[in-house]
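To keep things clear, I will list the structure first and then write my remarks on it.
The values are calculated or read from the model by the stated rules, or taken from the named source; none is laboratory data. All values reported here derive from a predicted model rather than from experimental measurement. Using ideal geometry, Cβ is built from the backbone for each residue, glycine included, and neighbour counts are taken over all protein chains shown.
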């Protein structure tokens, strides 16, 4: 089972659009894939909402895809808070992860990707080598969630295919 995590709680985020695109690509390849959005989700404590996410998505998953926007040179605190308040050993240890950064600037959240890589390694996760920074995302993705540039579509499809074989 693969769980895609849209790493922000902002409403109508570009990150969620990108996460939905990844979900569609995995589903087209007949993967058992699920999408978790942090929009409107209370992960501020080890409460019933987070427990439900753990039981339904995190514990059964053997692979995770983190789609992370750039927030101040890293990734959103809400994503880190979700991880910190979850049962680390049951949810994350020895599982696989793939990362994609989302930014309107040039870097595609490279710093956030590397920051998250270090955190995931600390949690004993195996991080796929192909970490994709999606730069200038507002020029790359249309309002309907479609990609406007064939090279970006190909890069994402390659990343998805590699992760399925990882």
Out of 5, 59, report the one residue that is farther than 18 Å from residue 132 by Cα, in contact (Cβ under 8 Å) with a residue 24 or more places away in the chain and either surrounded by fewer than 21 Cβ atoms within 10 Å (Cβ to Cβ) or under 14 Å from the mean Cα position of the chain (by Cα) (or both). 59
State all residues of the stretch 62-81 that are in contact (Cβ under 8 Å) with a residue 60 or more places away in the chain and more than 17 Å from residue 14 (Cβ to Cβ); if no residue qualifies, say none. 62, 63, 64
Being under 15 Å from residue 38 (Cα atoms), part of a helix (DSSP H, G or I) and under 10 Å from the mean Cα position of the chain (by Cα) is the filter here; which residues of the stretch 8-26 pass it? 15, 16, 18, 19
Just to be sure before I move on: is residue 11 out of contact with any helix residue (DSSP H, G or I) (no Cβ under 8 Å at 6 or more places or on another chain), over 15 Å from residue 82 (Cα atoms), modelled with pLDDT under 95 and surrounded by fewer than 22 Cβ atoms within 10 Å (Cβ to Cβ) in the structure I sent? yes
Here are 77, 47, 73, 40: which of them is surrounded by fewer than 20 Cβ atoms within 10 Å (Cβ to Cβ), over 28 Å from residue 164 (Cβ atoms) and in contact with a strand residue (DSSP E or B) (Cβ under 8 Å, 6 or more places away or on another chain)? 77
Test result for residue 89, modelled with pLDDT of 95 or more and in contact with a helix residue (DSSP H, G or I) (Cβ under 9 Å, 6 or more places away or on another chain): no
